[in-house]
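Trainee: One structure, pasted below without further comment.
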Amino acid sequence: MKDNSIINGIIIKVITGEALTSTESTMYSAYMADEGNRRFVEEFKNDAYLLQKLKEIHAIDVAGGKAIIEEELKRNYGKQVDIKRPRKLFRDVATSAAAVLFILTAAYFFWWYSKRDKAIEVKEEVKTIAQKAIGPAQRIASLTLADGSRILLDSAKAGQLAQQGGAVVMNENGALKYQTRSAAREILFNTLTTAYAQTYSMELADGSKAWLNAGASIRYPVEFSGNERKVEITGEVYFEVAHDATKPFIVHVSGKKGSMDVQVLGTHFNINAYDDEPVMKTTLLEGSVKVTKDAASVLLKPGEQTSVSPSSQPSHPIPVQTEAVVAWKNGVFSFDNADIDVVMRQLIKWYDIEVVYDGDKPSDKISGEMQRNLTLPQVAENLEFMTGLHFRVEGRKLIVPAASPNDSRKNDK
């Protein structure tokens, strides 16, 4: 610990009302320019504070603390003082400026030690914050109204947002909802959009519900009229459609992979139609749907999936594990012998990051599940456990290492 005897002596002079020399005044002003020092000195003008510090000194339990204080007291007080004898100590110093000197030395120790602990704590906190800087997708979305104006949505913005024709737009518990109050004079369309690292859900005017994955959108009428209920989507959206035999529910999908229509009466299904995916996939959980492209169509039964590519008609339905398909909606990443590209595309959307391949792209297959509420560093750790490869996070980049030819920890599930 550095020698603080000079400034300690100046502080004692100030507290006891003794005049300072010009040099001491300059040193004192410089010392008091620091907010922490200023608070430190002000406390010594409080008798209760001095008494409390005396009690604390007798109970010092910090390794080396007593020796440090005793050495400082010897330096500043002019004689050896044993802080293990509180009664004599209190009688000798509590009624004079020496009390201030004694407490000052001890209190400085407490202050110095707490600052050291605080510095360690801050470093750990900074490290933790850095690790958590890239978090998972949040419940945020952008709502575009019929007149082109936009509203940023989040779970904290509750209540009525707007009036659209005969419908009132509400945000309740982080979900968008439309309530019809009167007959519409014209058909108005709204669009709900999620960027990467965003997700949201909504309830349409007919009671049908939609969950948007990151990087998705849905365009819909604020009220359904006529003999059908039609919406348009991009990206990935999960639907739970309210049954209405008189008005089929139609989802129109268009993008770089072409376009298709999914027609239902009442059912639960998932559509994955991202432009960066090789095909558009429709997966049925409950009910029945008809997937149509051009003049070709297929019917799906629960547990089946069909895919559409730019050059193909809807494929023959195949059985799939629907729990894995809609795991995203339930807050889970689910991989079953997946190529690393497939996994990385999901992470890019969910965390809004860049993926960099450090060398040749690994051929490892990835199987397993992990929660979607993890931070990116935690995801990297999980991927390392699944593959044996060391993934790194650098800023907003996830670095994917090349597979080692001698790596025996391959995922063979």
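The values are calculated or read from the model by the stated rules, or taken from the named source; none is laboratory data. Keep in mind that this is a model prediction, so the values were computed, not measured. Neighbour counts are summed over all protein chains in view; Cβ atoms, including those assigned to glycine, are modelled from backbone coordinates with ideal geometry.
Trainee: Could you please let me know if Asn382 is under 24 Å from the mean Cα position of the chain (by Cα), over 16 Å from Glu236 (Cβ atoms) and in a loop (DSSP other than H, G, I, E, B)?
Mentor: Values: under 24 Å from the mean Cα position of the chain (by Cα): yes; over 16 Å from Glu236 (Cβ atoms): yes; in a loop (DSSP other than H, G, I, E, B): no.
Against the criterion (under 24 Å from the mean Cα position of the chain (by Cα), over 16 Å from Glu236 (Cβ atoms) and in a loop (DSSP other than H, G, I, E, B)), Asn382 does not qualify.
Trainee: Criterion first (at pLDDT below 95, farther than 28 Å from Gln378 by Cβ and crowded, with 20+ Cβ neighbours inside 10 Å) does Val264 satisfy it?
Mentor: Yes: the conditions hold for Val264.
Trainee: So which pairs qualify, if the first residue must be in segment 165-188 and over 22 Å from Trp211 (Cβ atoms), the second must be of a type in the set (Ser, Thr, Tyr) and in a strand (DSSP E or B), the Cβ gap must be under 7 Å, and the two must be at least 6 apart or on different chains?
Mentor: Gly166/Thr180
Trainee: Please go through segment 347-379 and pick out each residue that is in a loop (DSSP other than H, G, I, E, B), polar (S, T, N, Q) and within 19 Å of Phe333 (Cβ to Cβ). Lay out the reasoning, then the answer.
Mentor: Here is the first cut: in segment 347-379, the ones in a loop (DSSP other than H, G, I, E, B) are 352-353, 359-365, 372-375.
Checking which are polar (S, T, N, Q) leaves us with 363, 373, 375.
Those that are in a loop (DSSP other than H, G, I, E, B), polar (S, T, N, Q) and within 19 Å of Phe333 (Cβ to Cβ): Asn373, Thr375.
Trainee: If a residue must be in a strand (DSSP E or B) and either within 13 Å of Val289 (Cα to Cα) or out of contact with any strand residue (DSSP E or B) (no Cβ under 6 Å at 6 or more places or on another chain) (or both), how many such residues does segment 299-317 contain?
Mentor: Number satisfying all stated conditions: 5.
Trainee: Which members of segment 356-377 meet the condition of being under 14 Å from His390 (Cα atoms) and under 19 Å from the mean Cα position of the chain (by Cα)?
Mentor: Leu376, Pro377
Trainee: Same structure, new question: Quick check, is Lys301 of a type outside the set (A, V, I, L, M, F, W, C) and closer than 26 Å to Val342 by Cβ?
Mentor: Yes, satisfied.
Trainee: I'd like the residue in segment 136-158 that is modelled with pLDDT under 90 and assigned to a loop (DSSP other than H, G, I, E, B) and, out of all such residues, is surrounded by the most Cβ atoms within 10 Å (Cβ to Cβ). Please lay out each step first, then the result.
Mentor: Taking segment 136-158 first, the residues modelled with pLDDT under 90 are 154-158.
Pick out the ones that are also assigned to a loop (DSSP other than H, G, I, E, B) and you get 155-158.
Values: Ser155: 14, Ala156: 8, Lys157: 12, Ala158: 12.
Out of the qualifying residues, it is Ser155.
Trainee: So, one more: Could you go through segment 333-348 and let me know if any residue there is polar (S, T, N, Q), surrounded by 15 or more Cβ atoms within 10 Å (Cβ to Cβ) and in contact with a Leu (Cβ under 8 Å, 6 or more places away or on another chain).
Mentor: The answer is no; no qualifying residue exists.
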